[in-house]
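What follows is a single structure, written as C-alpha coordinates, with notes after it.
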Amino acid sequence: MTKTRSFTVIVYKEDDMYIAECPEVGTVDQGETIEKAVAGVKEATRLYLEEFPLPKANPRFITSIEVSCA
(Lines give C-alpha, C1' and ligand atoms only; values in the text may rest on other atoms or scores of the structure.)
Protein backbone atom coordinates (compact mmCIF):
# COMPACT_ATOMS: atom_id res chain seq x y z
CA MET A 1 0.00 0.00 0.00
CA THR A 2 1.36 3.43 -0.94
CA LYS A 3 1.42 6.03 1.79
CA THR A 4 1.15 9.73 1.00
CA ARG A 5 2.78 12.41 3.15
CA SER A 6 2.88 16.17 2.85
CA PHE A 7 6.13 18.11 2.96
CA THR A 8 7.06 21.78 2.89
CA VAL A 9 8.74 23.20 -0.21
CA ILE A 10 10.53 26.55 -0.15
CA VAL A 11 11.04 28.16 -3.56
CA TYR A 12 13.27 31.14 -4.31
CA LYS A 13 14.91 32.63 -7.37
CA GLU A 14 18.68 32.64 -7.76
CA ASP A 15 20.01 34.34 -10.89
CA ASP A 16 17.84 32.95 -13.70
CA MET A 17 16.82 29.68 -11.99
CA TYR A 18 14.24 28.78 -9.35
CA ILE A 19 15.50 26.69 -6.44
CA ALA A 20 13.11 24.38 -4.56
CA GLU A 21 14.05 22.92 -1.17
CA CYS A 22 12.26 20.37 1.01
CA PRO A 23 13.58 21.20 4.50
CA GLU A 24 12.10 18.13 6.24
CA VAL A 25 14.07 15.77 4.00
CA GLY A 26 16.93 17.96 2.77
CA THR A 27 16.32 17.52 -0.94
CA VAL A 28 16.92 20.38 -3.39
CA ASP A 29 16.34 20.85 -7.11
CA GLN A 30 16.17 23.70 -9.60
CA GLY A 31 14.29 24.63 -12.74
CA GLU A 32 13.71 27.39 -15.24
CA THR A 33 10.18 27.83 -13.82
CA ILE A 34 8.66 27.43 -10.37
CA GLU A 35 6.66 24.46 -11.64
CA LYS A 36 9.77 22.68 -12.96
CA ALA A 37 11.67 23.32 -9.72
CA VAL A 38 8.80 21.98 -7.60
CA ALA A 39 8.35 18.94 -9.87
CA GLY A 40 12.09 18.24 -9.62
CA VAL A 41 12.21 18.44 -5.84
CA LYS A 42 9.09 16.25 -5.65
CA GLU A 43 10.80 13.54 -7.70
CA ALA A 44 14.08 13.95 -5.78
CA THR A 45 12.19 13.61 -2.49
CA ARG A 46 10.31 10.53 -3.69
CA LEU A 47 13.55 8.84 -4.78
CA TYR A 48 15.31 9.80 -1.54
CA LEU A 49 12.49 8.37 0.59
CA GLU A 50 12.61 5.07 -1.34
CA GLU A 51 16.19 4.62 -0.12
CA PHE A 52 15.94 6.34 3.27
CA PRO A 53 12.42 6.12 4.73
CA LEU A 54 11.65 8.65 7.44
CA PRO A 55 10.95 7.33 10.93
CA LYS A 56 7.42 7.78 12.20
CA ALA A 57 7.27 11.16 13.89
CA ASN A 58 4.80 13.53 15.45
CA PRO A 59 3.47 16.25 13.17
CA ARG A 60 5.44 19.49 13.00
CA PHE A 61 3.99 22.94 12.69
CA ILE A 62 5.39 25.91 10.81
CA THR A 63 5.04 29.51 11.88
CA SER A 64 6.93 32.72 11.32
CA ILE A 65 8.57 35.21 13.64
CA GLU A 66 9.64 38.84 13.38
CA VAL A 67 13.07 39.88 14.59
CA SER A 68 14.34 43.46 14.86
CA CYS A 69 17.62 43.92 13.03
CA ALA A 70 19.92 46.90 13.31
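The values are calculated or read from the model by the stated rules, or taken from the named source; none is laboratory data. It should be emphasised that the depicted structure is a prediction, and the values quoted were computed from it without experimental measurement. Using ideal geometry, Cβ is built from the backbone for each residue, glycine included, and neighbour counts are taken over all protein chains shown. Each accessible area value is taken on the protein alone, full model and side chains, heavy atoms only, with ligands, DNA and RNA left out. Shrake-Rupley method; radii C 1.70, N 1.55, O 1.52, S 1.80 Å.
Computed quantities for the displayed model
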| item | result |
| --- | --- |
| Count of Lys pairs (Cα-Cα under 22 Å; at least 8 positions apart or interchain) in the chain | 5 |
| Calculated [θ] (222 nm, deg cm²/dmol) that DSSP helices of n ≥ 4 give over the chain, each run adding -39,500 (n - 2.57) | -8500 deg cm²/dmol |
| Per DSSP, loop trypsin sites (Lys or Arg not before Pro) in the chain with at most 11 further Cβ within 10 Å | Lys3, Arg5, Lys56, Arg60 |
| Accessible-area ranking of Ile34, Ile62, largest first, probe 1.4 Å | Ile62, Ile34 |
| Cα-centred dipole magnitude for the chain, charges only on beta-carbon of K, R (+1) and D, E (-1), debye, nearest 20 | 520 |
| Net charge, Thr27 excluded, C-beta distance under 10 Å - Lys, Arg +1, Asp, Glu -1 | -2 |
| Total formal charge among the other residues, if their Cβ is under 12 angstrom from that of Thr2, Lys/Arg +1 and Asp/Glu -1 | +2 |
| Cα-based equivalent ellipsoid, the stretch 31-70: semi-axes from gyration tensor eigenvalues, Å | 28, 21, 8 |
| q = 0.13, 0.20, 0.21 Å⁻¹, the chain: log10 I(q)/I(0) [Debye, one scatterer per Cα] | -0.47, -0.89, -0.94 |
| Inter-label distance, nm, simple model (7 Å from Cα along the C-beta direction), Arg5/Arg60 | 1.0 |
